1. Between V186, V40, V234, find the one with the highest GNM mean-square fluctuation for the chain; connect C-alpha pairs within less than 10 Å.
2. At a probe size of 1.4 Å, how large is the accessible area of M394, to the nearest 10 Å²?
3. Please compute the per residue accessible area over the chain with all protein chains in place, 1.4 Å probe, rounded to a whole number of Å².
4. Please give the length that would be gained between D432 and V390 if that part of the chain were fully extended, namely 0.36 nm times their separation in residues minus their C-alpha to C-alpha distance (nm, one decimal).
5. Summarise the accessible area of the chain (1.4 Å probe, protein heavy atoms) by the percent that is carbon and sulfur.
6. Work the Kirkwood hydrodynamic radius out for the stretch 235-277: mean of 1/r over every pair of different alpha-carbon atoms, inverted, in Å.
7. Please calculate the 1.4 Å probe accessible area of E289, with all protein chains present, and give it to the nearest 10 Å².
8. Roughly how compact is the stretch 255-351, stated as its Cα Rg over 2.2 N^0.38 Å to two decimals?
Amino acid sequence: MPPASSAPPRPSLGASYRSVAVPPSFWRKLGAFSGPGYLVAVGYMDPGNWATDIAGGSAFGYRLLSVVLVANLLAVVLQSLAARLGIAGGVDLAQACRARFSRPVNMALFLLCQGAIVACDLAEVLGTAIALQLLFGLPLLWGVVLTGVDVFVILALQGRGFRKLEAVIVALLLLIAGCFAWELAVAGPDWRAVAGGLVPHAEIVSNPAMLYLAVGILGATVMPHNLYLHSSIVQTRAFDRSEAGKREAIRWATLDTAAALTFALLVNAAILILAAAAFHRTGHRGLTEIADAYRLLSPLLGAGAASVVFAVALLASGQNSTVTGTLAGQIVGQGFLDWSLPAWAQRVITRALAIGPAVLVLAVAGDAGATRLLVGSQVVLSLQLPFAAVPLVMFTGSARVMGALAAPRWLRVLGWSVAALLIALNAKLLVDMAFG
């Protein structure tokens, strides 16, 4: 197909492009390249994943931990490819699509991706609103409206430098990890059973109910907008633009990705372990709602602060996810449409598209509509995944896009295998949801 545009793309993220210096010393270079992976990791521990982990842990104990582990390994492959595209190709995924696909194809991809970002942002908005309701008794509707304020917080942070934004994200991630470390210390899980849960069991495939939850965990792992986000934010580093410099930057970015997603793995595993220790062990095996988990934690664990600490972690998770989701919306708009709207206008539009449906459903259906809305948002994400993963693997394997730094054959085979597996699992999830 003829390219939509032959003009070189504008730098991704504007003023933040190549704004982070890369010092020559080993430890300072390690620090300079650390950050983008943690912004991406936010999407792997967002409120949309909490309900699945809670349901899996409460229903089947520690037996689905192996699924969480496998899902994380698959994510590392695709996110590493996204970082490679940004560094070696010099473009983010949206810009690469715009340069090589026809205008109708690009418009379709943009609409699909924007729909996925809105769906993901919708889950984060609802997660934040649920946390505000649990902590302060704020009605969900008002909590959703209040989340619109963080758009201006993002603007203020990024205006002070991209590293400031990363620092806030990492601080909130550490808060989430600290909350769950305390919860696990109080819950006292069976660590031998935890270790056994990391080994895949045949029952995961043979038990339909377990398979459904396993597919849900895998299907919701790779967020499509994270692939666009990662390919852009790695370009905030001012690395050497020679071939050797790019090779080194790819190695550092891959290390950052692996470390950050390992951190996300630990948090996701902690949620499932907590649910297994607190709910499965005490006979509460049908629990799926975040609000129900909040109400039961303190009495079941015998610790008055357990429910509050859980809600604080949820609030931090929702807030972090709204920041990265809104940032991804800006990247997708600039990459596909090359639009020249001010950053504040792009973010306000992205957030309004998420808040609007949430306010409408809550106003019509009440709080009971929140869960249905969360489920619907995950379906949209599943539908969009192939339209992000397939172009990513295709571009990173192309010498025309990547030059001498195109992904080697083994990595291309691995990338296509991961994409095919995730697509098949998402298709299975959609079929299961459609037919009961």
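1. Top of the fluctuation ranking is V186.
2. Around 80 Å² of this residue is reachable by solvent.
3. On the way: 16850 Å² over 436 residues.
About 39 Å² of surface per residue is accessible.
4. On the way: separation 42, 0.36 × 42 = 15.12 nm, distance 2.32 nm.
Full-extension gain reported as 12.8 nm.
5. Values: 11700 of 16850 Å².
On the chain, the fraction of accessible area on carbon and sulfur atoms equals 69 percent.
6. On the way: mean 1/r = 0.0807 Å⁻¹.
Evaluated over the stretch 235-277, this radius sits at 12.4 Å.
7. 70
8. Details: Rg = 18.7 Å, N = 97, 2.2 N^0.38 = 12.5 Å.
Relative to the rule-of-thumb radius for its length, the stretch 255-351 sits at 1.50.
The values are calculated or read from the model by the stated rules, or taken from the named source; none is laboratory data. Small disclaimer: the values here were computed from a predicted structure and weren't measured. Quick reminder, even Gly has a Cβ in these numbers, built from the backbone with ideal geometry, and neighbours come from all protein chains shown. All accessible areas refer to the heavy atoms of the entire protein, side chains included, with ligands and DNA or RNA removed. Shrake-Rupley method; radii C 1.70, N 1.55, O 1.52, S 1.80 Å.
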